[in-house]
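What follows draws every value from the coordinates through simple rules; no lab data is involved. Predicted model, so just to flag it, every value in this text is computed and none were measured. Heads up, the Cβs are rebuilt from the backbone with ideal geometry, glycines too, and the neighbour counts pull from every protein chain shown.
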């Protein structure tokens, strides 16, 4: 469900969006792994080219060129991975990239996951005396395996985070000798992008014997210390990528829906947040059958009200009046609208309750609090009293409470109409109409309640 206006904390507008998407940390992790693996393969080729092209260049220059190319190839791979032209990528990856929040990326994925620039110091010792020492540079890709444990791309290291701390137990795997070494490290981590750690481990004697062959002697040791600094993802690249994906998302065709009700033979009321960001608006209901284009002729963004016109199309005359007098707490009310049509069907739905309070969220005096249940898609629908008068317009529900919804008081609709100099002829009630049953009131009101369809193009 997509919020269609700047909501106040704790309440949720109830316009329904038809497109259902899946945004899970696990899904994004799979996408990230695809990128990392592509990056790793590409990086190996880049290194080969750099080494051949810069044989005579100083080491510092070669290192700088490698880092620059690392960032370039990562950005290239991410953009390619985000492109619908890459047919071999499962569709779910594209959906997840659209919908995953930046906060989810930075908080739900293990902070140790990523691509690291690695400086390795290797020492050969004889009887604990260093006989050879050298330093080399490389990269390390760490991502979670099917068991959820982060591993490096070559399955050499396995990382197990201790709770939510920055401490990890590390398993160093030597599967050919059935040996697993255990170490504990603490990462330096200010956020998801700024992570570094060091790890020292010793080569097993069996590996040493195989490498040195006849030159192996007792007392020989090989000790490695790796210093790792995360380079991928970096904040700047990820922000650019999400900005790019957001632009792509905005270019997609989206459809979302709400409810509305007529106040004359060609005017319909709904919420501002229902029609906000739409390029085309259509209305329909069970009575008219077809879909009619509508245009916005007046709105009050602050009060969340919009007035639509269907032009020359003549609608059924509303058989209700708009009651602007304040309603007492405990007044019985009912709501009509088109909630969750993708699963609940296209028939108008009715729910009932009472006015629970004469003020809304945090004491907002422009709203009633009502107990009638509402769902996504009810936004803009009418709230009636049991005399068939409209007393409010559904606008939101409380996200942290049951059967707590909000409706804009009808007096603010009349103030908008008066301010825009829009006149309407209200239905005058008969003497005995107060005694009608709820079913009769619903039947007489249904032809004037509309399903509002919005499209962003």
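Grab the Cα-Cα distance for residue 155 and residue 371, subtract it from 0.36 nm times how many residues apart they are, and report the gain in nm with one decimal.
72.1 nm
What ranking do 301, 207 get, fewest neighbouring Cβ atoms within 10 angstrom at the top?
The order, fewest Cβ neighbours first, is 301, 207.
Distance from the Cα centre of the range 194-239 to that of the range 373-405, in angstrom?
63 Å
Mind running the shape call on the range 350-392? Use the C-alpha gyration tensor, a ≥ b ≥ c as the square roots of the eigenvalues: rounded below 1.5 for a/c, prolate if a/b tops b/c, oblate otherwise.
oblate
Quick check on packing: order 348-360, 406-418 by the mean number of other C-beta atoms within 10 Å, highest mean leading.
Packing proxy ranking, top to bottom: 406-418, 348-360.
Explain nothing, just the number: relative contact order of the range 327-395, from Cα pairs under 8 Å at least 6 residues apart, as a whole percent.
34 percent
Once label points are set 7 Å from the Cα along Cα→Cβ at both residue 342 and residue 208, what is their separation, rounded to one decimal in nm?
If labels sit at residue 342 and residue 208, their model points lie 6.2 nm apart.
First check a/c for the range 347-457, with a ≥ b ≥ c the square roots of the eigenvalues of its C-alpha gyration tensor; if it is under 1.5, answer rounded, and if not, answer prolate when a/b is larger than b/c or oblate otherwise.
rounded
Multiply the residue gap between residue 423 and residue 165 by 0.36 nm, knock off their C-alpha separation, and tell me the result in nm, one decimal place.
In short, 86.4 nm is gained.
How high is the relative contact order of the range 342-455, in percent, counting Cα pairs under 8 Å that sit 6 or more residues apart?
It rounds to 21 percent for the range 342-455.
If you take the beta carbon distance between residue 178 and residue 319 as r and set R0 to 60 Å, what does 1/(1 + (r/R0)^6) give as a FRET efficiency, to the nearest 0.05?
Rounded to the nearest 0.05, the efficiency is 0.10.
Given axes a ≥ b ≥ c from the Cα gyration tensor, I'd like to know whether the range 254-457 is rounded (a/c under 1.5), prolate (a/b larger than b/c) or oblate.
Rounded is the answer for the range 254-457, as its axis ratio a/c remains below 1.5.
Quick one: if you stick a label point 7 Å off each Cα along the C-beta vector at residue 277 and residue 215, how many nm between them?
6.6 nm
For the pair residue 247 and residue 358, what calculated FRET efficiency results from E = 1/(1 + (r/R0)^6), where r is the Cβ-Cβ distance and R0 = 56 Å, to the nearest 0.05?
0.80
Can you put 174, 256 in order, fewest other beta carbons within 10 Å first?
174, 256
Arrange 182, 397, 227 by Cβ neighbour counts within 10 Å, fewest through most, would you?
Ranking 182, 397, 227 by Cβ neighbours within 10 Å, fewest first, gives 182, 227, 397.
If I model a spin label at residue 444 and residue 239 as a point 7 Å from the Cα along the Cα→Cβ vector, what separation in nanometres do I get?
My value for the distance between the label points is 6.0 nm.
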